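The values are calculated or read from the model by the stated rules, or taken from the named source; none is laboratory data. What you are looking at is a predicted structure, and each value in this text was computed from that prediction instead of being measured. Counting neighbours? That spans all protein chains shown, and the Cβs are built from the backbone with ideal geometry, glycine included. Each accessible area value is taken on the protein alone, full model and side chains, heavy atoms only, with ligands, DNA and RNA left out. Shrake-Rupley method; radii C 1.70, N 1.55, O 1.52, S 1.80 Å.
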Amino acid sequence: MDISVIVPLFNEAESLPKLYEWIERVMNENKFSFEVIFVNDGSSDNSWQVIEDLKKEHAPVRGICFRRNYGKSAALHCGFQAAKGDVVITMDADLQDSPDEIPELYRMIKEDGFDLVSGWKKKRYDNKLTKNIPSKLFNATARRVTGIKLHDMNCGLKAYRNEVVKNIEVFSEMHRYIPFLAKNAGFTKIGEKVVQHRKREFGTSKFGLNRFVNGYLDLMTLWFLNKFGKQPMHFFGFIGSLMFIFGFIAIIVVGAMKLYALSHGLRAVLIADSPYFHLSILAMVLGCMLFLAGFLGEMIIRNSQSRNDYLISKTL
């Protein structure tokens, strides 16, 4: 099979028939063998009934239905596991992504050799204040942290080599950083294509401003896990050791100052009354706690069943 199209959706019943008709027309015009996997993320409207009706009329339609709303990451994860096509396309169900982009995305994967191609909605029709400006700030930060030079990392329209989606795990709200997940898994040939952004025809957006706050937190989580996930002692142990050494030296200095004052007949306050004494003790205690956190992290990892999970591309 040439292409699997994965469409995660939540309360998008009105747009599904038109979206499938559009996808089918593009596939037939380019003579692609294909499947369309609709992942119903616990919709409260009749989205699943629409998917069932489409399945009765069109063989390429497949459906996955969650009992409740789990989020886009969960929908993509299940869609990736079910996909059979050589190239996997993801797109939103709100008709803001154009299926006409599919042939070129497919060509970039098959002919240009990209592992992943992300869409870039260069000209957007969203509200500039609530979406465009925060999105630009978010993507600038993501480029800086991940080292991946994409203008729109969170674009729903993407193309993947099948091997990529089978070797990454999308969880929590990490769908925003699939290119980073792919890079961490060893798929480094990541490209970008300017794609058309269309105005929403039905319904309203399902994402609020809180996604930008959550997005930054998730980005920091991924960065930390990538850098220190297998060796937490290198982070916690190093910082903890520095803090303990700093506190230990500081408390020696405080004690030496006290002894100096006593030996020279100078008036000196009690060590316990000195703020520097308490700061030194605090630094030593925090250093011990951080060191123990790193040690416990190492113990957990060494007892984890996935401690020796490595992605192998080829064997002889």
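Take the conditions (1) under 28 Å from the mean Cα position of the chain (by Cα); (2) within 11 Å of V5 (Cα to Cα); G71 misses just one of them, which is (2). Residues that are at pLDDT 90 or above and either under 18 Å from M91 (Cα atoms) or of a type in the set (S, T, Y) (or both) were ranked within segment 182-201; the one that is most open to solvent (accessible area, probe 1.4 Å) is T188.
Considering the conditions (1) part of a helix (DSSP H, G or I); (2) in contact with a Gly (Cβ under 7 Å, 6 or more places away or on another chain); (3) aliphatic (A, V, I, L, M), V117 is excluded by exactly one of them, (1). Can you confirm whether segment 29-40 contains a residue that is open to solvent by 10 Å² or more (accessible area, probe 1.4 Å), among the basic types (K, R), out of contact with any His (no Cβ under 9 Å at 6 or more places or on another chain) and closer than 25 Å to K122 by Cα? Scanning segment 29-40 turns up no residue that is open to solvent by 10 Å² or more (accessible area, probe 1.4 Å), among the basic types (K, R), out of contact with any His (no Cβ under 9 Å at 6 or more places or on another chain) and closer than 25 Å to K122 by Cα.
Assess whether L116 counts as being modelled with pLDDT of 90 or more and hydrophobic (A, V, I, L, M, F, W, C). Answer is yes for this residue. Listed by first and then second residue, the pairs linking a residue in segment 164-175 that is acidic (D, E) to a residue that is modelled with pLDDT of 85 or more and assigned to a loop (DSSP other than H, G, I, E, B), with Cβ atoms under 8 Å apart and 6 or more places separating them unless they lie on different chains, are E173/G71. Of all the numbered requirements in (1) open to solvent by less than 30 Å² (accessible area, probe 1.4 Å); (2) assigned to a helix (DSSP H, G or I); (3) polar (S, T, N, Q), S4 misses one, and that requirement is (2).
Pairs meeting the criteria (first residue in segment 141-161 and over 25 Å from I3 (Cα atoms) and open to solvent by 40 Å² or more (accessible area, probe 1.4 Å), second residue part of a helix (DSSP H, G or I) and of a type in the set (D, E, K, R), beta carbons under 8 Å, at least 6 apart or on different chains) are G147/K183; K149/R143.
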